[in-house]
Structure formats: structure tokens, C-alpha cells
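What follows is calculated from the coordinates using simple rules that are stated; it is not laboratory data. Just so we're clear, the structure is a prediction, and the values are computed from it rather than from any experiment. For neighbour counting, all protein chains shown are included, and Cβ atoms are generated from backbone atoms with ideal geometry for every residue, glycine included.
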Amino acid sequence: MILKKPLDQLNGTAEKAMHSVEEGLHAAQAAASEGMRDTSERMHQLAAQVRPMLGHAGHEIGDLAHEGAEAVRDASRQVRDAAVHATDSTVAYIRKEPIKAVLMAAAAGALLAVAARMLGGSAHHRG
């Protein structure tokens, strides 16, 4: 009977300690659950904020691509128009001044032949 009282006190203390541990575990679980809910909610809020930005950026990229394609088409038209104009001007000059045009073409051909011979000869001597 002398040992019964200290054992009862020890059991009571152990039970209180066990109860405190269980309460601590429940509190930790509740805090973890709350933290997870908060994190999940913040992630959803962030995603809701980012979606419109990404959509806007996608539209801007599409607009820039469209503008770039238009610029390429315009440049192509300008080059084509310039080539047609140059061809028309050349044909008109040849019709107006056929002898001068033939002499100019012969002179240009002769210059190209001399340049090709000089370049070919210098390459031949180097090799």
C-alpha cells in the first residue's frame, strides 16, 4: 500500500503527459492542415492573377507575329515592284537607244570577262 500512492501519482502524471502529447499532435495536425489550405488558396489566387497576364502576352505575341508577316509581305511587294520598274525602264531604254544599249552591254561583258580572267589567273597562280 505504501507503493500504491506513488504508483497512482506516476500513472496520473503519465496520463497527463500522454494527454498533453495527444493535444500537441492534434494542434500540430490542425496547424499543418490550415497551412496547407492557406498555401493552396494562395496558389489558386496567384494562378488567377497570372492567367490573364499570360493570355495578354499571348495576344501581344500573336499581334507582333502578324505585324512581322505584314512587314515581310510589304517588303516583298516593294522589291517586286522595283524589279518590275527596273525591267520596264530597261526595256524602254533599249527601245529608245538600241545601239547605245548594245554597246553598253558589250562593254559590261568585256569588263566582266577581264575581271574573271584576272581573278581566275590570280587564283591559279596561288594554287
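One table, with the values for the structure above:
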| item | result |
| --- | --- |
| Compactness of the chain as Cα Rg over 2.2 N^0.38 Å, two decimals | 3.29 |
| Max mean-square fluctuation residue, GNM over the chain, Cα-Cα springs under 10 Å, options Ser20, Ser76, Ser40 | Ser20 |
| ³J(HN,Hα), Karplus 6.51/-1.76/1.60, whole Hz, each residue of the range 105-115, x for Gly, Pro | 5, 5, 5, 5, x, 5, 4, 5, 5, 5, 4 |
| The range 49-89: Rg to Rh, with Rh as the Kirkwood radius over Cα pairs | 1.43 |
| Positive-end residue, the chain charge dipole about Cα centroid, Cβ charges, pick of Ala116, Ala69, Gln9 | Ala116 |
| Extension gain from Asp63 to Met104, taking 0.36 nm per residue of separation minus the Cα-Cα distance | 9.8 nm |
| Of Glu22, Glu34, Glu70, the one that fluctuates the most in a GNM where the chain has Cα springs shorter than 10 Å | Glu22 |
| Using alpha-carbon coordinates, inclination of helix 4-96 to the longest axis of the chain, degrees | 10 degrees |
| Extension reserve of the Arg42-Ala83 stretch, reckoned as 0.36 nm per residue once the Cα distance is removed | 8.6 nm |
